[in-house]
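Encoded as structure tokens, the structure appears first; notes follow it.
The values are calculated or read from the model by the stated rules, or taken from the named source; none is laboratory data. Note that the structure is predicted; figures quoted are calculated from it, not measured. Counting neighbours? That spans all protein chains shown, and the Cβs are built from the backbone with ideal geometry, glycine included. Accessible surface areas use protein heavy atoms only, side chains included; no ligands, DNA or RNA. Shrake-Rupley method; radii C 1.70, N 1.55, O 1.52, S 1.80 Å.
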Amino acid sequence: MYRSYGFRVNLTRSQARYISKIRDSQRFVYNWAVERLLTNPTLTTYDLSREFTKVRRSVQ
């Protein structure tokens with residue numbers, strides 16, 4: 001018989017903020033890529049990468 005074990009990670013506030021920033025950034029990139037693909041389904045991964053690099057550099 002197998003038992004499953006659970007564990008809880010207690011993060012500090014700064015660790016939780018850092019993880020939240022990463023999650024929010026990933027969500028932004030995913031939503032941006034989906035939006036671009038819906039408007040132009042012929043885009044390749046290379047095209048999306050080039051476009052996103054331009055967007056990222058314009059924001060910084």
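Things to note:
- Qualifying residue in the stretch 3-12 (condition: within 15 Å of the chain's Cα centre (by Cα) and basic (Lys, Arg)): no
- Top-ranked residue of the stretch 10-35 - restricted to ones that are among the aliphatic types (A, V, I, L, M) and in contact with a helix residue (DSSP H, G or I) (Cβ under 9 Å, 6 or more places away or on another chain), ranked as farthest from VAL55 (Cα to Cα): LEU11
- Summed over the stretch 41-52, residues that are in a helix (DSSP H, G or I) and open to solvent by 100 Å² or more (accessible area, probe 1.4 Å) total 3.
- Sole residue being part of a helix (DSSP H, G or I) and either hydrophobic (A, V, I, L, M, F, W, C) or touching a Ser or Thr at 6+ places or on another chain (Cβ under 6 Å) (or both), chosen from LEU11, LEU38: LEU38
- Of all residues in the stretch 15-29, those being more than 8 Å from the chain's Cα centre (by Cα) and either modelled with pLDDT under 95 or open to solvent by less than 70 Å² (accessible area, probe 1.4 Å) (or both) number 2.
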